[in-house]
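Report on one structure; see the data block that follows.
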Amino acid sequence: MARIIFSGANLLDGDNPAQAGMNVAVEGETIAQVSQAPIAAQPEDRVIEMRGRTLMPGLICSHFHASYNNITIQPEPLGVERPENYLALVAANNLRNALHAGVTGVVSAGVNTGSIDADMCLAIAEGVIEGPRLLPGSRGMDSVGGYSDQENWWWRLGNRGAQLLCSGVEEFQRATRLEIKRGARMIKLNLSGGHAVPEHIGGMSLTRAELDAVIEAAHSRNVKVRAHVAWKNVLLEAVEAGLDLVDHGDQMDAECLDCMAEHGVFWAPTAFFTAQMLSPDSELAMGTEEQLTTLRGEFDNVLRNIEEAERAGIPMLTGDDYGVIVLPHGRYAEELAFYVKTAGVAPLNVLRWATKNGGALMGGEIPTGQVKPGYYADLLVVDGDPSADIALLQDRAKLQAIVKGGAFVRDAL
């Protein structure tokens, strides 16, 4: 089988500092060899002389809503703003554009309606549409009357869109199993208000027995569970119950970080979206002044705790609510630079969030997110060193090659 050999690369393997003069061989869909010594080429091999350009894993966006498009935070049922077939076309377009931005993997943070993620995943796998690897998510599960139950009681809507409302252990257990049957590989729960959602601080939307039922049903089928959770008391209880991923964590503190580190829980801080809402340059006022004042305090708190989370060894993730009206899809690399500039995180660490950690979250029989033998050949060739200047990833012209599973999506070499 013909191979692709990247010769003399500045290698960012997804974990370690850049290594100069490295050589990488790709055979089929996977990386076959990583070596400091030259790799002997066969006549049929394609040898790419890197001349110091960077070879790195493709980016992984671990909080991704494929069918979001100009979503507002007004209290309307999410997922019924457009017909379902229209939203599927939006999802296909967003996924294709993400791939061409260097994002070779995405993890769903919840679907807008139906089984769009699972359908997109199948269409990508069978070559019907172009897109990154996709770990499909479920509809957002909540209790009747919970914070995401935004339907006025007299509407009596038939299509609840992104909402999947249940009451009682058996209903939550059955709903979890049905979402998995429909193709979800990441169950999404809405456990608290907060993070720009106009709800008072309170307890968890689900009972502990309902939460346990969801997590047990998902884990028994090797499916992870993530949750929109802002409040400290809810976060601690959910992590103790076995939650895999915390989205937002607005009230994060040292006790939360210790608990998450002990249980190996991922954290997607999603602070880039919050920054857009609070930006004085924003053309759109998002929320009341009271909400924005609260949000400013929570934003500052999240930024303070990111450095401590790094020290605690919590696997951090990139990804955010792209498709909301102040944060359109496509700004994925800008998010990485935001964490360096605003939160003071070292570029290499942010790159680890967006590659190695995202790959660990995705899982799978063939891993991704690192440049290592046996991993998917999901790769970027960058003109420059993103670990020295992470803003390079925002310049599409600097992405001279995008490779997914050993096949070139872009080839300007």
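The values are calculated or read from the model by the stated rules, or taken from the named source; none is laboratory data. Predicted model only: the values in this text are computed from it and were never measured. Note: ideal-geometry Cβ built from the backbone for every residue, glycine included; neighbour counts use all protein chains shown. Keep in mind that these areas ignore ligands, DNA and RNA; they rest on the heavy atoms of the full protein, side chains included. Shrake-Rupley method; radii C 1.70, N 1.55, O 1.52, S 1.80 Å.
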Fill in: Hits in segment 29-45 - residues which are in contact (Cβ under 8 Å) with a residue 40 or more places away in the chain and surrounded by 13 or more Cβ atoms within 10 Å (Cβ to Cβ)
Glu29, Thr30, Ile31, Ala32, Gln33, Val34, Asp45
Discussion item. Being crowded, with 18+ Cβ neighbours inside 10 Å, touching a Lys or Arg at 6+ places or on another chain (Cβ under 7 Å) and at negative phi is the requirement here; does Ile180 meet it?
Written reply: yes
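What residue, among those in segment 233-250 that are small (Gly, Ala, Ser) and either without any contact (Cβ under 8 Å) to a residue 12 or more places away in the chain or not in a loop (DSSP other than H, G, I, E, B) (or both), is surrounded by the most Cβ atoms within 10 Å (Cβ to Cβ)?
So, considering only residues that are small (Gly, Ala, Ser) and either without any contact (Cβ under 8 Å) to a residue 12 or more places away in the chain or not in a loop (DSSP other than H, G, I, E, B) (or both), the one surrounded by the most Cβ atoms within 10 Å (Cβ to Cβ) is Ala238.
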Discussion item. Given (1) touching a helix residue (DSSP H, G or I) at 6+ places or on another chain (Cβ under 9 Å); (2) closer than 21 Å to Ser67 by Cβ, identify the lone condition not met by Pro328.
Written reply: (1)
Worksheet, complete the sentence: Exactly one of Glu334, Glu307 is modelled with pLDDT of 95 or more and of a type in the set (Asp, Glu), and that one is Glu334
Worksheet item: Which condition does Gly137 not pass, out of (1) of a type in the set (Gly, Ala, Ser); (2) buried (at least 19 other Cβ atoms within 10 Å of the Cβ); (3) modelled with pLDDT under 95; (4) within 30 Å of Met252 (Cβ to Cβ), if it passes all the others?
Response: (3)
Worksheet item: of a type in the set (Val, Ile, Thr) and within 30 Å of Leu122 (Cα to Cα) - does that describe any residue in segment 234-241?
Response: no
Worksheet item: Among Asn349, Asn357, which is the only one that is open to solvent by less than 60 Å² (accessible area, probe 1.4 Å), within 20 Å of Leu135 (Cα to Cα) and at pLDDT 95 or above?
Response: Asn357
Worksheet item: Taking interchain pairs and intrachain pairs at least six residues apart, which have beta carbon atoms under 6 angstrom, with the first residue in segment 303-321 and part of a helix (DSSP H, G or I) and the second among the small types (Gly, Ala, Ser)?
Response: Leu303/Ala343; Ile306/Ala343; Ala312/Ala261
